[in-house]
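Colleague: Okay, handing you the structure first.
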Amino acid sequence: LATFIGRIVIGHLPDRLGAFTTGIVAFALGLVGMTLIGVAPNWPLGLIGGAVCGFSWSLLFPALGLMAVDRTPRPQRNAAIAIYTAGFDAGTLVAGFTLGYVAHAAGYGAVYAFGAAFAVLTDQQGARFDLTKFKYLATVGAPPGLWLVGPDTPYKSVKEAVSAKTKWRWAASG
């Protein structure tokens, strides 16, 4: 609920303040929210921490996505957002198992304390991808759909791509 309300009320901040500034603010809010949940002695304080995390997420995901897309050449922006989203999806998968173990071993409060500590400890720029070196081809929607292709891709259909003896990297976003 806080994420939904946040997108409506403060969703314009990445455009007004810039993606980087908004990302820093959102990251700090998320850290505060996770810390509140982790140390909450009662459910109202935990609820406030959850709301702060929700507001944080309403800014963090789009701000980071905007940073990824803005640093990518225009022809590769579709692939950039697909890779960005897939990275978040993979992170969610790994975090689910890891934090499930933490919750089982130390309780639910430890999950948020662990998340806050991990966020502080991993303050790195992360991986850099040169999307101009990827070969990609994708469809969006049902046929006839929309094709997203790289600038030097010789294939005009999925059938041509599948029958080619080229190694492909496929990206998807949901």
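Colleague: How are the C-alpha pair distances of the stretch 10-82 spread across 10 Å bins, as whole percents from the shortest bin up?
Modeller: In order of increasing distance, the bins hold 22, 38, 26, 12, 3, 0 percent.
Colleague: Report, in whole Å, the centroid distance computed from the Cα atoms of the stretch 76-110 and the stretch 10-53.
Modeller: 18
Colleague: Quick one: which of 23-30, 12-19 comes out on top by average Cβ neighbours within 10 Å, and what's the full order, highest first?
Modeller: On the way: 23-30: 18.4, 12-19: 15.4.
Going from most to least packed, we get 23-30, 12-19.
Colleague: Spelling out what I want: for every residue of the stretch 109-115, take phi, set θ = phi - 60°, compute 6.51 cos²θ - 1.76 cosθ + 1.60 (Karplus), and round to whole Hz; glycine and proline get x.
Modeller: Those phi angles translate into x, 5, 4, 6, 5, 4, x Hz.
Colleague: Please calculate how many Å² of accessible area the stretch 34-96 carries per residue, with a 1.4 Å probe and no DNA, RNA or ligand atoms counted.
Modeller: Details: 3390 Å² over 63 residues.
With the other protein chains kept in place, the stretch 34-96 gives 54 Å² per residue.
Colleague: Further question: Restricting things to Cα coordinates, could you compute the convex hull volume per residue of the stretch 1-127 in Å³? Can you show the working numbers first?
Modeller: Values: hull volume 14.0 nm³, N = 127.
Cα convex hull per residue, to the nearest whole number: 110 Å³.
The values are calculated or read from the model by the stated rules, or taken from the named source; none is laboratory data. Here the structure is a predicted model, which is why all the values come from computation and not from measurement. Cβ coordinates were reconstructed from backbone atoms using ideal geometry, including for glycine residues, and neighbour counts include every protein chain displayed. Heads up: the accessible areas ignore ligands, DNA and RNA and are worked out on the full protein's heavy atoms, side chains in. Shrake-Rupley method; radii C 1.70, N 1.55, O 1.52, S 1.80 Å.
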